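Throughout, read-outs are computed from the coordinates displayed, never taken from laboratory work. Fair warning: this is a prediction, and the values are worked out from it, not measured in the lab. Cβ coordinates were reconstructed from backbone atoms using ideal geometry, including for glycine residues, and neighbour counts include every protein chain displayed.
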């Protein structure tokens, strides 16, 4: 059986991991899915789940999920596939538009730590 994993935003994925932390039994997962099915999430930190269908929420809980790439992550992934000449052009275009993307035309702050 091939189950297609839903795509969650980074916020949804992080919050779901927080909610699943410490839960090991299936019935504990059931409580989350039932809560999602019965009512909207009112607690502000959980409100990000309100955009998920019951099916997507349940699939994410039981089978996992993919995390949606940010536009910057998608641009970096595309940039990594370019040849050196194309990379040079891409950097120039971003600089002209005054757009900085880490790993393309903006230094990674972690690389500068001493």
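Can you compute log10 of I(q)/I(0) for the range 1-106 with the Debye formula, treating each Cα as one identical point scatterer, at q = 0.18 Å⁻¹?
Each listed q maps to, in turn, -0.84.
Divide by every residue of the chain the summed helix terms, -39500 (n - 2.57) for each DSSP H run of at least 4, and state the resulting mean residue ellipticity at 222 nm, rounded to the nearest 500 deg cm²/dmol.
Calculated from helices alone, the mean residue ellipticity at 222 nm is -15500 deg cm²/dmol.
Can you tell me, using C-alpha contacts under 8 Å and at least 6 residues apart, the relative contact order of the range 7-67 as a whole percent?
Rounded, it is 51 percent for the range 7-67.
Please give, to one decimal in nm, the separation of the simple spin-label points placed at residue 23 and residue 95, each 7 Å out from Cα toward the Cβ.
Output for this residue pair reads 5.0 nm.
Efficiency by 1/(1 + (r/R0)^6): what FRET value for residue 107 and residue 77, r their Cβ-Cβ distance, R0 = 25 Å, to the nearest 0.05?
Working from the Cβ atoms, E equals 0.85.
Note the direction-averaged projected area, equal to a quarter of the hull surface, for the Cα convex hull of the range 7-67, in nm².
For the range 7-67, averaging the hull's shadow over all directions gives 3.7 nm².
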